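For reference, the structure I am asking about is given below.
The values are calculated or read from the model by the stated rules, or taken from the named source; none is laboratory data. It should be emphasised that the depicted structure is a prediction, and the values quoted were computed from it without experimental measurement. Every residue, glycine as well, gets a Cβ built from its backbone with ideal geometry; the counts of neighbours run over all protein chains shown.
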Amino acid sequence: MENNEILFSIITVVYNDEKNIEKTIQSIVNQTYANFEYIVIDGKSTDNTHHTINKYKNKITQIVSESDTGIYNAMNKGINLANGRYTLFMNSGDTFASQNTLELTSKIIRDNECDVLYGNVIKEKKQMLVEIEAEEPQNKHRMYFCHQSAFVKTSLLKIFQFDEKLKMSADFKLFKTLYKNNYTFAKVNIPIAIFDTKGVSNFNRSAGLKENIHIINECDKGLEWIRLMMRIYPTYLLSKLKSK
């Protein structure tokens, strides 16, 4: 192993997901790139999740199994334990796009030093796997890319931790904050992760939208907020009326 190889911290957060946790763990421990630490944060699952985690304990750097106050609290616990130069969250149900994803990423980062390196994501649509291209960071009300496809400098995550008051959009707030503070983003046009479309964020889109709007209000007080509300709120209100 070369002395200049980048150490990655890969963090998996899980709670009562015995059906999906193993595929996530296997996707990580079977990477062709060896210079990474693997941290699993289990919210004290009551099903067989912890049993599955223990099957791989020799390949997992740190395992935490304790109650938490929500997913972002669990993710912050992982950040506090991370020692790598870059951190990526691959939560239960999500997997790397290929076995050599970390190897490819390490080469790209060595040639293109940045604060956040992000790529595409693969999602299931109509029972087919489709690659979704990541967007450039800008002043939008939605996520630019999936956090499962973003490598962030660990030193920044320790400063700008996830806002635990938010339930759905703390990742959006993190990347919005980094963008507004002029940290560097670099895009790679390759898939990084296969995203689990059955996750909580896909079933609470209206709640996530409300949080995103609140975040923009915090970060961009002024005309942008007014224009966004004028454009989005009528559509959002109409959807709520139709659902009644």
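For the condition buried (at least 23 other Cβ atoms within 10 Å of the Cβ), farther than 22 Å from Ala170 by Cβ and of a type in the set (Ser, Thr, Tyr), what is the one hit in Thr61, Thr49?
Working: Thr61 fails: buried (at least 23 other Cβ atoms within 10 Å of the Cβ).
Only one candidate passes the filter, namely Thr49.
Just need a number here: residues in the stretch 96-136 that are closer than 22 Å to Ser9 by Cβ and not small (Gly, Ala, Ser). Quick ask: steps written out before the conclusion?
Step one: filter the stretch 96-136 for residues closer than 22 Å to Ser9 by Cβ, giving 96-121, 134.
Applying the additional criterion that residues be not small (Gly, Ala, Ser) yields 96, 99-105, 107-118, 120-121.
Residues that pass the stated criteria total 22.
If a residue must be touching a helix residue (DSSP H, G or I) at 6+ places or on another chain (Cβ under 7 Å) and among the aliphatic types (A, V, I, L, M), how many such residues does the stretch 150-186 contain?
Of the residues in the stretch 150-186, 6 are touching a helix residue (DSSP H, G or I) at 6+ places or on another chain (Cβ under 7 Å) and among the aliphatic types (A, V, I, L, M).
For Ile122, are the conditions met, namely being over 11 Å from Pro191 (Cα atoms), at pLDDT 90 or above and either part of a loop (DSSP other than H, G, I, E, B) or not acidic (Asp, Glu) (or both)? Working first, answer last.
Values: over 11 Å from Pro191 (Cα atoms): no; at pLDDT 90 or above: yes; either part of a loop (DSSP other than H, G, I, E, B) or not acidic (Asp, Glu) (or both): yes.
For Ile122, the condition - over 11 Å from Pro191 (Cα atoms), at pLDDT 90 or above and either part of a loop (DSSP other than H, G, I, E, B) or not acidic (Asp, Glu) (or both) - is not met.
Turning to a different aspect of this structure: Taking the criterion of being touching a residue at least 60 places away in the same chain (Cβ under 8 Å) and buried (at least 18 other Cβ atoms within 10 Å of the Cβ), would at least one residue in the stretch 36-44 satisfy it?
yes
Thr69 versus (1) farther than 23 Å from Ser149 by Cβ; (2) under 19 Å from the mean Cα position of the chain (by Cα); (3) surrounded by 18 or more Cβ atoms within 10 Å (Cβ to Cβ): which is the lone unmet condition?
(3)
Right, next: Sort out for me the helices (runs of 4 or more DSSP H) sitting completely within the stretch 5-102 that have 1 or more residues that are over 28 Å from Glu124 (Cα atoms) and modelled with pLDDT of 95 or more.
On the way: elements: 21-29, 49-55, 71-81.
Correct list: 49-55, 71-81.
On to the next question. For Cys114, are the conditions met, namely being buried (at least 19 other Cβ atoms within 10 Å of the Cβ) and of a type outside the set (Ser, Thr, Tyr)? Don't jump to the end; show me each part of the working.
Details: buried (at least 19 other Cβ atoms within 10 Å of the Cβ): no; of a type outside the set (Ser, Thr, Tyr): yes.
No, not satisfied.
Continuing with the same structure: Quick test for you: out of Phe175, Phe145, Phe151, pick the one residue that is aromatic (Phe, Trp, Tyr) and modelled with pLDDT of 95 or more.
Details: Phe175 fails: modelled with pLDDT of 95 or more; Phe145 fails: modelled with pLDDT of 95 or more.
Answer to the check: Phe151.
Given the conditions (1) over 20 Å from the mean Cα position of the chain (by Cα); (2) within 21 Å of Ile192 (Cα to Cα); (3) surrounded by 15 or more Cβ atoms within 10 Å (Cβ to Cβ), which single one is not true for Phe96?
The single condition Phe96 does not satisfy is (1).
Let me ask something else. Go through the stretch 135-185 and give me each residue that's under 16 Å from the mean Cα position of the chain (by Cα) and aliphatic (A, V, I, L, M).
Met143, Ala150, Val152, Leu156, Leu157, Leu166, Met168, Ala170, Leu174, Leu178
Still on this model: For the stretch 161-189: of the residues being basic (Lys, Arg) and in a helix (DSSP H, G or I), which is surrounded by the most Cβ atoms within 10 Å (Cβ to Cβ)? Reasoning before the result, please.
Keep residues of the stretch 161-189 that are basic (Lys, Arg), which gives 165, 167, 173, 176, 180, 187.
Checking which are in a helix (DSSP H, G or I) leaves us with 173, 176, 180.
Numbers: Lys173: 22, Lys176: 24, Lys180: 12.
Residue satisfying both the conditions and the ranking: Lys176.
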